[in-house]
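Notes for the one structure printed next.
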Amino acid sequence: LSKNDKNIYNPSYHRTHRNYYLFSKDPYILTVLESINDLHIFSEIIGKNKKVIYLKFFSWTLFDKPGILERTIFDYKNQINKFPNHKIILLLNTYEEYEYFKKRGIDSYFINHNALVDPNIFKPRNREKKYDIIYNGRLEIGKRHYLLKSCKNIALISAPILRQNKLKIEYLNFLQSILPEAEVLNFKNPLKLNQLNSFANMPILDSMSVSSILNQSKVGAILSHKEGACYASIEYLLCGLPVVSTSNIGGRNVFLDKRFCKFSLSNSISIQRTISKLLKQNIPSDFIRESTLKKMQIHIDKIKKLLEELYIENGNTNIDVDEKWKNFYINKMLKIGEKFPENFIKDIA
């Protein structure tokens with residue numbers, strides 16, 4: 001990569017909020033969702049001479065575009081050259097990503113981030129099943145809501161729509177024309193999609209609210225063809241919903257079980273037929289949840305083992321990792337949107 005390329009990827013000093021969690025101070029162990037370049041800022045604040053271990057999650061597939069994998073390695077090496085006491089361990093959402101980095105000597109593990117979603121938040125609840133299908137996906141074109149056009153009794157929830165523009169409004173107008181009766185459940189009093197005038201006042205839902213809403217539906221849909229771990233998919237499963245998915249890359253397939261998760265062709269008729277089959281099966285929610293928890297535990301055990309090895313490597317041989325995990329575990333092992341650098345400076349003090 002040229003010097004010009006390096007200049008393009010300077011750390012984002014203007015960011016005022018960050019996604020991270022300080023799991024330990026002895027040594028410093030942070031789980032982070034920030035770009036590797038931006039770890040430079042964290043390292044500057046902590047100091048070059050302190051021992052730091054970053055457990056780096058990824059929010060998106062690294063097979064998205066040509067050059068991302070190589071760029072990730074470049075950034076990784078650049079960071080550890082500048083801060084040799086600051087270790088980075090990549091936690092990958094797919095085995096293919098893990099294999100790619102491991103073969104190139106990069107410290108990495110196949111630990112899918114979905115395994116760290118909190119099952120005490122997302123669980124079956126005693127709610128009336130008002131909707132046949134729910135899609136928890138940002139109302140943007142990449143989520144391909146239009147594939148539901150042959151379905152009825154649809155519920156939608158969306159994360160905030162950032163950087164609104166003409167194309168995003170056009171997509172909303174298009175969805176309103178083909179899914180006018182779909183209900184948007186972000187609002188206390190659900191709106192029909194054709195009543196949604198803009199994205200400007202879309203309420204932000206917390207995790208407990210999302211869990212409650214998911215439990216009002218019978219089947220969860222994930223229709224994008226690219227994702228990261230895809231939190232929505234594991235949230236469906238933990239709430240006991242079967243899932244219909246299209247073919248995809250990114251990591252959500254890791255927990256999709258063919259006994260209660262069905263893949264569909266990316267057309268509306270196939271989606272409708274697949275959902276109908278799942279509705280007829282009426283699979284018990286507890287079976288879906290318990291099967292999912294067993295798969296998640298494999299990844300949780302891996303990260304615990306990794307943490308134990310890191311403590312031993314740093315001279316802490318008496319740490320009870322299970323106890324520490326129980327005391328410090330939070331949903332996704334991340335605090336999202338922490339005020340930065342103020343909160344971070346307090347955390348590391």
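The values are calculated or read from the model by the stated rules, or taken from the named source; none is laboratory data. Bear in mind the structure is a predicted one, so any value in this text is a computation, not a measurement. As a convention, Cβ positions derive from the backbone with ideal geometry for all residues, glycine included, and neighbour counts pool all protein chains shown. When the accessible area is computed, the model is the full protein with side chains, heavy atoms only, and any ligands, DNA or RNA have been set aside. Shrake-Rupley method; radii C 1.70, N 1.55, O 1.52, S 1.80 Å.
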Stokes-Einstein diffusion coefficient for the range 276-339 at 20 °C in a medium of 1.002 mPa s, Rh from the Kirkwood formula over Cα pairs: what value in µm²/s? 145 µm²/s
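When N counts the residues of the range 105-146, how does its alpha-carbon radius of gyration compare numerically with 2.2 N^0.38 Å, as a ratio?
On the way: Rg = 16.5 Å, N = 42, 2.2 N^0.38 = 9.1 Å.
For the range 105-146, the normalised Cα radius of gyration comes out at 1.81.
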Could you bin all the Cα-Cα distances of the chain into 20 Å bins starting at 0 and give me the percent of pairs in each, rounded to whole numbers? 28, 56, 16, 0
Restricting everything to alpha-carbon atoms, can you work out Rg to Rh for the range 178-335 with a Kirkwood hydrodynamic radius? 1.05
Here the FRET efficiency for LEU191 versus LEU69, based on Cβ atoms and R0 = 41 Å and rounded to 0.05, is 0.50
Search the structure for amide H atoms under 5 Å from the amide H of SER108, placed 1.01 Å from N in the peptide plane, and list their residues when 5 or more places away or on another chain. LEU90
How would you order 162-170, 141-149, 70-78 from highest to lowest mean count of nearby Cβ atoms within 10 Å? 141-149, 70-78, 162-170
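At R0 = 35 Å, how high is the FRET efficiency between LEU279 and ILE204 if r is their beta carbon distance? Nearest 0.05 is fine. List each step's numbers first, then the result.
On the way: r = 30 Å, r/R0 = 0.86.
With a Förster radius of 35 Å, E is 0.70.
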Using a Debye calculation, one point per C-alpha and no hydration shell, please list log10 I(q)/I(0) for the range 51-104 at q = 0.13 Å⁻¹ in order. -0.32
Give the cross-link partners of LYS304 among the lysines, using a straight C-alpha distance below 20 Å as the criterion and excluding same-chain residues fewer than 8 apart. LYS25, LYS51, LYS56, LYS87, LYS102, LYS294, LYS295, LYS324, LYS326, LYS332, LYS335
At a 1.4 Å probe, what is the % contribution of carbon and sulfur to the accessible area of the chain? 51 percent
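Quickly rank 232-241, 13-22 as a protection proxy: mean count of other C-beta atoms within 10 Å, highest first.
Working: 232-241: 26.8, 13-22: 15.1.
Ranking, from highest mean packing down: 232-241, 13-22.
Determine, for each peptide in 203-214, 37-48, 246-257, the mean count of other beta carbons within 10 angstrom over its residues, then list the peptides with the highest first.
Values: 203-214: 16.5, 37-48: 18.0, 246-257: 20.5.
Peptide ranking by packing, descending: 246-257, 37-48, 203-214.
Considering only DSSP beta bridges where both residues belong to the range 1-83, give the percentage that are antiparallel (nearest 5). All intermediate terms of the calculation are to be shown ahead of the outcome.
On the way: 5 of 10 bridges.
Around 50 percent of the beta bridges assigned by DSSP in the range 1-83 are antiparallel ones.
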So if each residue of separation counts as 0.36 nm, and I subtract the Cα-Cα distance between SER268 and GLU181, what length gain in nm does that give? 29.7 nm
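Using alpha carbons only, what's the Rg to Rh ratio of the range 150-198 with Rh from Kirkwood? Show your work: numbers first, answer last.
On the way: Rg = 10.8 Å, Rh = 11.3 Å.
In the range 150-198, Rg relative to Rh is 0.95.
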Normalised Cα Rg of the range 210-265, dividing by 2.2 N^0.38 Å with N its residue count, works out at 1.02
Summing -39500 (n - 2.57) over every DSSP H run of at least 4 in the chain, dividing by its residue total and rounding to the nearest 500, the 222 nm mean residue ellipticity is -11000 deg cm²/dmol
For the range 151-268, count the residues as N, evaluate 2.2 N^0.38 Å, and divide the Cα radius of gyration by that value, please. 1.08
What Kirkwood hydrodynamic radius, in Å, does the range 74-188 give when the mean of 1/r is taken over all pairs of distinct Cα atoms and then inverted? 18.2 Å
Calculated Rg and Dmax of the range 306-349 using C-alpha coordinates, Å: 13.3, 34
At q = 0.19 Å⁻¹, what is the log10 ratio I(q)/I(0) for the range 9-128, with the Debye formula run over Cα points and no solvent? -1.09
